[in-house]
Every structure is written in C-alpha cells, then in structure tokens.
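Trainee: Provided herewith is a single structure, encoded as structure tokens, for subsequent inquiry.
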Amino acid sequence: MEQTGRRRMPGRDGLPIGRVLGVPVRLSPSMALLAVLVTVAYGGMAGPVAGASRLAGYLFGLLFVACLAASVLLHELGHAVTARRHGIGVRGITLDLLGGYTELDREAPEPRTDLRVSLAGPAVSLALGALAVGAAALLPDGTVPDRLAVQLAASNLVVAVFNVLPGLPLDGGRALRAVVWRITRDRHRATEVAGLAGRGVALVVLAGMLALTLVGVLRPVALILMLVVAGSLWQGAGQAVRVARIARRAPLVDLRRLVRPVLTVPSGTPLAEAQRRAGSVAGPPPATGTPASGTPAAAPPVAVAPGQDAPHRAPAPSGAGSFGGTGSSGGPASAGVTGEPDRAGGEPAALVATAGPGAGPATVGVSDAAGRLVALVDRTAAAAVPPERRPWIAVDAVSRRLEAVPRLAVGLRGEQLLRAVQDHPGAQYVVTSGEDVVGVLHLDDLARVLEPTRKMT
C-alpha cells in the first residue's frame, strides 16, 4: 500500500533499518509479533513436513519471515520507484504487521499516474509469486528450499490478490479511486467512494474469515490475525472518507478569518492577571485603532487597525526558519507587537494585529523588556494550574518559546494550508506576514471549519 499523509515524528513509525535506493526503510514493532506468530506456527508444522526437528521448524519459520519481509519491501519499492518516475517524492517505507506502506509526499497529479503507482506493488508481488512457483517446480520435493519456495509463492500471490481488492486503504482501492476520479473529475469524491468501498471490503473479509474458521479451514490463531487485518481495513477506509470530506471543505478555509489576536503581557506577569486581560478582549478589536470595548481602563490593549503600522514592530525570531508564500498586501494589519505603556500602572499591554470575523478570544503572549513577543502561553499547561495558584504563577512557567511554535504564512489557503499543518503538527501556530506576527491559529478553530459536525474534545 502507499499513503499520502502528514510527516510523522521521528521514531514513531518504527526502527530505521537503512535505505534502499535512497528510500528510508523502517521496521514497525508489530513485525516482531508477526515473526513470533509465524515462527511458532512453523515450529509445530514445518519441521515435521521437512523431516527435521522442531528446532529446525523454528529456524525455518524465521527464514520464511525474513524472506516474506524482503518480498513486502520489494512490493513497496514498486510503489516508490513508480512514484519517483512520475515526479512524486517518497518519504519512506514502513514494514509492519499488515505488510507495509509507502509514504508519498503528495498525491498523484492525475488519475493515470495514481493508477500506475497503485498497481505497481501488486505487479511486483505477482512477479515474485511466479518466480517462486518456477523455483518450486525445479527444486527437489520435500527439501527445505522447496518448502520455502512453495510458501513464498503462496504468500506473494495472496498479497497480490488481496491488495487489488477494490477498497481503500488497499492498492486496489487507490486504483478504484483513479477510475472514479477519471469519470467524475473529482478526486475528493473518488476518494470518498473508494473509502466506502473499503469498508465493504473489510466486512466481506471479516465474514469470509469467520466462515473459513467455522468449517475448519483456518486455525483460531489465523482468525485473530485476520480480525486485526479487517479492523485495520475498516479504520483505514474510514480515515480515507474523513480525509476526502476535509479536503472538499479545504477551499472554504480563510486563514485571515481564523487567526486570533495576541494580547502580550510582560514577562513575570501573574497567570491570573494575564487571563483576566485576555478575557476582557471578547472579540476582534475595532478597526479604528481604539482600545477594545470592555477592556479595563487600567490596562487598555493597543489595537492596530488594518493598514496602520504598529508603534513597535516585532521581527521573526532568528532561527525560526523561512516559510514560502509569506507576505500578503491584502491581509490583516501589517502589525507586530505594540508596546504602549499602561496608563495606570506603567506596564505595557499590547494586542498584536487584528483578528478576522471568525476569530476566537485573544491568545496570551509574553514580551521581553524591549516589548518583543518572545513566547506564547500554552493553554493546556495554563488550564492545569489550579485557580488558587494562578495569582502566584508567572506566565513564563506555562509558556512556549516563540521559536518552538510552528509558523504559517498568512497567505496560505486551502490544501496548501492543510499540507503545512500536516507537515508541522501542533496545537497552535504563529501566523506571519513577511517578518510580522499577524496572530495565532489554534488547531481546534481550523478543525471546526473542516469538520463542523465533529465533536471537539
């Protein structure tokens, strides 16, 4: 199988075991479970068949697992090589309990390419199965090489046939998607159709395995493995449907309307006071440059109107990296961090930029002695502090340095925005226009637009 998805965190996919043709290869811990199951099964079966001891059966099982893993790797390399020939980057290959998957960095640009990439893997497995059949026909019957060739022939042919079943996340599902995409000219609708078909395939696989177990064809251990397979197919198909529906709504996303303003407080401000100030800014500030309504007179934040330069501009922190597509003359205010002294207490309180109509409450930021935004308060960490302790805890203790927060260019829209979020997972993002901080995007705000019917926890 091949997948197109977010960039995963290092070490989360499995153990890196090297590179093949320049493609990183990882081994999932679930492969150890497969190795144990197959080895134990052959310990009581393969040894007697080959006329050898039980220990020889266990060794044979390990040898078969190694050869099977090599076959799966070649299957995935079929996807990877074909994708590269069509200009699609390959992030890596992971071998796991269900075989493996190839992670591509983007979708195929058109249906024909999608079809070719999806069928390349099963074609490799079919070729390997045919070669193993030929080897079994030439080797002496009853020998270890003969038994190994027979098992490899059977396994590769099963992999080839199983993977062309017409439903996502299988290769056949991607082929079905390519066909529906070509007919409807709508990739997202095609993905949804193939995902729903994948759920049907999962139910058919489950029913078939139960029937084979009842008639004694499959052992209970094999049934457990197939239940895991059917469950994974159901989950993968559901995820495909969800992704298709999200992608269909992607053009509706306007980052300028979702960005929240940043209310900055000086370093050392008590958390309770910072939350009080942020709570007083109930919505986007007015476009006139006056303090937001409801803000206490003792600490009025300075709102920056569209097109108006901020009194003090906050450059992006060094080392934060550059982002393509930054800068948009038609976006929100070209604003940095303002730092006007508080009329009553002499403490600077500032509001970074203006928010769009759909923005939520202000995000609390932390400024240094020069008035520069240097950190953002982590909402989860702040919520974990008991209310009675908040007057005694400084905002710095529950904040993240600005350099550690992912960044998004305000000009990103639609699928470009989704891809940027996938590549840099996080709960909140600093939104920038050139070198200026526009505000903060909270992931749950984006999720509400993309999945309006989904309950947010």
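Trainee: Which of THR82, THR102, THR453, THR264 has the fewest other C-beta atoms within 10 Å, and how do the rest follow up to the most? Show your work: numbers first, answer last.
Mentor: Working: THR82 22, THR102 26, THR453 5, THR264 35.
Exposure proxy ranking, most exposed first: THR453, THR82, THR102, THR264.
Trainee: Let me ask you something else. When the chain is fully extended, how far beyond the present Cα-Cα distance does LEU33 get from ARG85, taking 0.36 nm per residue of separation? Walk me through the intermediate numbers first.
Mentor: Numbers: separation 52, 0.36 × 52 = 18.72 nm, distance 3.43 nm.
Taking 0.36 nm per residue and subtracting the Cα distance, the gain is 15.3 nm.
Trainee: Contact order normalised by length for the stretch 160-290, with contacts defined as Cα pairs under 8 Å and 6 or more residues apart; what percent is it? Mind dumping the intermediate values first?
Mentor: Values: 129 pairs, mean separation 28.9, N = 131.
Relative contact order comes out at 22 percent.
Trainee: With the radius of gyration and the Kirkwood radius both derived from the Cα set of the stretch 2-252, what is their ratio Rg to Rh? List each step's numbers first, then the result.
Mentor: Values: Rg = 19.0 Å, Rh = 19.1 Å.
That ratio equals 0.99.
Trainee: Let me have the relative contact order for the stretch 89-232, percent, based on Cα pairs under 8 Å that are six or more residues apart. Working shown, then result.
Mentor: Details: 166 pairs, mean separation 24.3, N = 144.
Relative contact order comes out at 17 percent.
Trainee: Show me 110-119, 157-166 ranked by packing, highest mean number of other Cβ atoms within 10 Å first. Before the final figure, lay out the partial values.
Mentor: Values: 110-119: 20.1, 157-166: 18.4.
Packing order, densest peptide first, comes out as 110-119, 157-166.
Trainee: Next question. Counting other beta carbons within 10 Å of each residue's own, what order do VAL259, VAL398 fall into, fewest first?
Mentor: Working: VAL259 31, VAL398 23.
So the ranking, lowest neighbour count to highest, is VAL398, VAL259.
Trainee: Rounded to the nearest 0.05, what FRET efficiency is calculated for VAL217 and ILE17 with R0 set to 45 Å and r the Cβ-Cβ distance?
Mentor: 0.80
Trainee: Can I ask one more? Suppose a student asked you for the relative contact order of the stretch 389-457, using Cα pairs under 8 Å spaced at least 6 residues apart; what percent would you report?
Mentor: On the way: 57 pairs, mean separation 16.8, N = 69.
After rounding, I find 24 percent.
Trainee: What FRET efficiency do you get for ALA369 and ARG242 if R0 is 56 Å and r is their Cβ-Cβ distance, rounded to the nearest 0.05? Could you put the intermediate results ahead of the total?
Mentor: Working: r = 47 Å, r/R0 = 0.83.
Efficiency for this residue pair is about 0.75.
Trainee: Can you give me the Cα centroid spacing of the stretch 417-457 and the stretch 198-275 in angstrom?
Mentor: 19 Å
Bear in mind these aren't lab numbers, they're just calculated from the coordinates by the rules spelled out. Nothing here was measured: the structure is a model prediction, and the numbers come from that model. Neighbour counts are summed over all protein chains in view; Cβ atoms, including those assigned to glycine, are modelled from backbone coordinates with ideal geometry.
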